[in-house]
Amino acid sequence: MNRRNAHLITLLILALSAPLGGCDATARLSEQEHIQRAKDFEDKGNLKSSIIELKNAIQKNPDSPQARLLLGQVYLKAGFGAEAEKELLRAQQLGISRDSIAPQLGEALLLMGEHQRLLDEIQSNDKLSSVNQARILALRANAMLATGQVRDACDLFQSAQAIDASHPSSYWGLALCAVIERDPAKARTLLDAALKLPQQQSQTLVYIGDLEQLNASLEGALKAYDSALKIDPENLQARYNRVPALLRAGKNEAAAKEIARLRERAPNFAQTHYLTALFDYSQEKYPEARDALQQAFKFAPDHPPSLMLAAMTAHALESYQQAETYIGRFLARFPGNKQAIKVLATTQIRLKQPEKA
């Protein structure tokens with residue numbers, strides 16, 4: 001072997017061994033070192049790397065209640081309800097008290113759309129701190145809203161705030177009740193009060209953005225969503241709700257870029273595929289919208305916005321029977337929705353069923 005080939009082989013060996021050395025350094029970290037790295041990543045808003053570090057900690061010690069609990073909490077922050085529930089329940093099996101994680105389990109169920117399970121399984125009790133009692137009441141109120149128990153839900157939000165006024169969730173709920181009562185000024189007052197609290201300001205700004213959208217103030221909505229993302233770049237809800245505002249403002253290119261981020265960041269969420277369909281629908285690309293909605297239904301078969309858009313898309317494609325089916329499923333959950341009733345009426349006229357319209 002000549003000297004030149006020997007040098008090349010030496011360089012190749014060094015190049016191949018360099019990454020392995022890096023892996024060995026990480027492999028030597030202890031469970032607690034991985035957990036600390038995970039916390040550091042979480043503090044910087046890098047949830048993906050935090051999840052990786054916690055999984056590494058669990059590889060070192062599968063029975064670590066601390067790592068399981070933290071992983072469940074980070075999954076919640078990232079919006080992964082099912083994954084969060086799994087880790088939180090495993091943490092409970094390993095010794096974490098049920099009462100201490102009950103609010104987080106409720107949040108996981110809410111993310112999953114498991115509203116009845118939340119009402120059945122997550123209860124408040126006198127053993128809980130006032131903070132956790134209020135959080136659970138607010139979670140139950142959200143589940144009641146989703147199941148059509150509006151008056152009871154609003155009463156429960158009021159009870160949650162009376163127990164502990166330091167958590168923003170009751171303010172968010174009462175603001176939603178004010179919107180239902182057609183009192184946007186009261187809703188804004190409640191959200192402004194929530195924004196003064198130190199907790200979850202990013203999420204409060206999302207609700208302010210939603211209220212601005214309802215009031216047709218697209219500039220105000222986008223400003224609120226952008227402020228939310230400055231505080232927490234990982235806030236999926238801010239990115240989701242930003243897309244319709246961008247479309248309504250005619251900022252299609254910005255909307256497309258946001259959807260592309262979501263498809264990369266959250267490909268397994270119904271809302272991501274719904275927004276893809278909404279974009280296609282706005283461009284009159286109805287077959288593409290239909291296909292995107294089918295993807296949404298794989299992850300959430302009864303996702304309300306997708307059901308409504310699926311009915312409108314089927315109507316545009318002159319698939320009136322299918323449109324009637326979708327809108328019927330939507331109305332089964334929201335029987336008084338005026339837009340849905342209008343879509344159903346026009347569909348039944350197309351089906352030559354004017355007596356039903």
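The values are calculated or read from the model by the stated rules, or taken from the named source; none is laboratory data. Please read these numbers as outputs of a predicted model, since none were measured by experiment. As a convention, Cβ positions derive from the backbone with ideal geometry for all residues, glycine included, and neighbour counts pool all protein chains shown.
Applying the selection to the stretch 226-263, what residues are of a type in the set (S, T, N, Q) and not in a helix (DSSP H, G or I)?
Scanning the stretch 226-263 gives a single hit, 235.
Do the conditions hold for residue 127, that is, is it in contact (Cβ under 8 Å) with a residue 12 or more places away in the chain, surrounded by fewer than 17 Cβ atoms within 10 Å (Cβ to Cβ) and basic (Lys, Arg)?
yes
From the residues in the stretch 307-357 that are at pLDDT below 80 and of a type in the set (Lys, Arg), which one is nearest to the chain's Cα centre (by Cα)?
Looking at residues that are at pLDDT below 80 and of a type in the set (Lys, Arg), I get 333.
So, in the stretch 59-70, how many residues would count as being farther than 17 Å from residue 101 by Cβ and either part of a helix (DSSP H, G or I) or in contact with a Gly (Cβ under 6 Å, 6 or more places away or on another chain) (or both)?
Selection size over the stretch 59-70: 2.
Name the helices (runs of 4 or more DSSP H) wholly inside the stretch 264-325 in which the number of residues that are charged (D, E, K, R) and not assigned by TED's automatic domain parsing to the domain that holds residue 82 is 3 or more.
Helices (runs of 4 or more DSSP H) meeting the threshold: 286-299.
Return the residue satisfying two criteria in turn: it lies in the stretch 73-89 and is in a helix (DSSP H, G or I) and in contact (Cβ under 8 Å) with a residue 40 or more places away in the chain, and of such residues it is surrounded by the most Cβ atoms within 10 Å (Cβ to Cβ).
Among those residues, the one meeting the criterion is 78.
Mind checking which residues of the stretch 33-53 are of a type in the set (Gly, Ala, Ser) and under 20 Å from the mean Cα position of the chain (by Cα)?
Within the stretch 33-53, 45, 49, 50 meet the criteria.
Hey, can you tell me all the residues within the stretch 111-148 that are of a type in the set (Val, Ile, Thr) and over 17 Å from residue 101 (Cα atoms)?
147
Within 30 Å of residue 224 (Cα to Cα) and modelled with pLDDT of 95 or more: does that describe residue 257?
Answer is yes for this residue.
Residues of the stretch 90-118 being among the aliphatic types (A, V, I, L, M) and either in contact with a strand residue (DSSP E or B) (Cβ under 7 Å, 6 or more places away or on another chain) or in a helix (DSSP H, G or I) (or both), which ones?
Those that are among the aliphatic types (A, V, I, L, M) and either in contact with a strand residue (DSSP E or B) (Cβ under 7 Å, 6 or more places away or on another chain) or in a helix (DSSP H, G or I) (or both): 91, 101, 102, 105, 108, 109, 110, 111, 112, 118.
Taking residue 236, is it of a type in the set (A, V, I, L, M), touching a residue at least 40 places away in the same chain (Cβ under 8 Å) and in contact with a Gly (Cβ under 8 Å, 6 or more places away or on another chain)?
Spelling it out, residue 236 is indeed of a type in the set (A, V, I, L, M), touching a residue at least 40 places away in the same chain (Cβ under 8 Å) and in contact with a Gly (Cβ under 8 Å, 6 or more places away or on another chain).
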